[in-house]
Amino acid sequence: MTDSPPSPTAPIGSRNEVFTAYLDHYRATVITTVKRLSEAEQRHSQLPSGWTPVELLKHLRYVELRWIEWGFEGRDVGYPWGDGRDGRWHVDPSESLTELVAVLLAQGEHTREVVLSADLSTVGRPGERWEGAEPPTLERVLFHLLQEYARHAGHLDIVAELAAADSLA
């Protein structure tokens with residue numbers, strides 16, 4: 001992982017590879033940021049909304065599951081909202097950081113395989129994910145997924161900065 005996303009001037013073979021490179025970068029950034037926090041900081045909220053860094057990590061796994069497997073591929077994934085409970089993100093105390101990271105990386109590998117084996121103009125399969133609307137193309141799904149990762153990576157940067165400030169106080 002590098003500290004910055006892929007350079008727009010670096011040669012990359014295809015638009016599919018551009019998407020996977022950016023998704024890989026942001027996924028790794030989130031994982032590294034969470035791992036740099038103490039265990040207490042990983043499971044403690046710094047924000048009025050109440051989410052914790054490990055909850056964000058789990059949420060991003062489910063975001064990929066919902067958009068790629070349940071959405072684009074139209075697969076039955078059981079309960080696609082498994083990152084939440086009582087209207088907010090949730091991580092059970094028994095879920096370890098190691099486990100959460102492994103599941104997110106496995107989900108990311110699946111996303112990578114799907115993206116590199118499909119044309120970006122391929123329309124997703126109809127299904128519950130689209131709530132009756134026409135399914136979008138893989139490219140539109142990936143734009144959404146990428147902005148979600150980038151936005152949440154920024155949120156996590158702020159949380160890590162707040163945690164660092166607390167530890168200095």
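The values are calculated or read from the model by the stated rules, or taken from the named source; none is laboratory data. Source: prediction; values computed, not measured. Reconstructed Cβ throughout: ideal geometry from the backbone, glycine too, with neighbour counts over all protein chains shown. Accessible surface areas use protein heavy atoms only, side chains included; no ligands, DNA or RNA. Shrake-Rupley method; radii C 1.70, N 1.55, O 1.52, S 1.80 Å.
Just one of (1) touching a Pro at 6+ places or on another chain (Cβ under 9 Å); (2) touching a residue at least 60 places away in the same chain (Cβ under 8 Å); (3) open to solvent by 20 Å² or more (accessible area, probe 1.4 Å) fails for Val159. It is (3).
Let's see how each residue does on (1) among the aromatic types (Phe, Trp, Tyr); (2) touching a helix residue (DSSP H, G or I) at 6+ places or on another chain (Cβ under 7 Å); (3) assigned to a helix (DSSP H, G or I); (4) at negative phi:
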{"position": "Glu64", "(1), (2), (3), (4)": "no, yes, yes, yes"}
{"position": "Trp70", "(1), (2), (3), (4)": "yes, yes, yes, yes"}
{"position": "Ser94", "(1), (2), (3), (4)": "no, no, no, yes"}
{"position": "Leu142", "(1), (2), (3), (4)": "no, yes, yes, yes"}
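Pairs are defined by a Cβ separation below 6 Å, a sequence spacing of at least 6 or placement on different chains, a first member in segment 8-29 that is modelled with pLDDT of 95 or more and of a type in the set (S, T, N, Q), and a second member that is part of a helix (DSSP H, G or I) and open to solvent by 30 Å² or more (accessible area, probe 1.4 Å); the pairs so defined are Asn16/Leu116; Thr20/Arg112. Scanning segment 48-57 finds one or more residues that are buried (at least 18 other Cβ atoms within 10 Å of the Cβ), outside any helix (DSSP H, G or I) and at pLDDT 95 or above. Taking segment 20-44 on its own, how many of its residues are among the small types (Gly, Ala, Ser), touching a Ser or Thr at 6+ places or on another chain (Cβ under 9 Å) and either closer than 28 Å to Ser117 by Cα or surrounded by 15 or more Cβ atoms within 10 Å (Cβ to Cβ) (or both)? Of the residues in that region, 1 qualify. Take the residues of segment 71-86 that are surrounded by fewer than 21 Cβ atoms within 10 Å (Cβ to Cβ) and aromatic (Phe, Trp, Tyr): which is farthest from Ile158 (Cα to Cα)? If we take residues in segment 71-86 being surrounded by fewer than 21 Cβ atoms within 10 Å (Cβ to Cβ) and aromatic (Phe, Trp, Tyr), then Tyr79 is farthest from Ile158 (Cα to Cα). Pairs are defined by a Cβ separation below 7 Å, a sequence spacing of at least 6 or placement on different chains, a first member in segment 111-126 that is among the hydroxyl-bearing types (Ser, Thr, Tyr), and a second member that is not in a loop (DSSP other than H, G, I, E, B); the pairs so defined are Thr111/Leu23; Thr111/Glu64; Thr111/Ile68; Ser121/Thr137; Ser121/Glu139; Thr122/Thr137; Thr122/Leu138. Which one is farthest from Phe19 (Cα to Cα) among residues in segment 140-156 that are in contact (Cβ under 8 Å) with a residue 40 or more places away in the chain and open to solvent by 50 Å² or more (accessible area, probe 1.4 Å)? Among those residues, the one meeting the criterion is His155.
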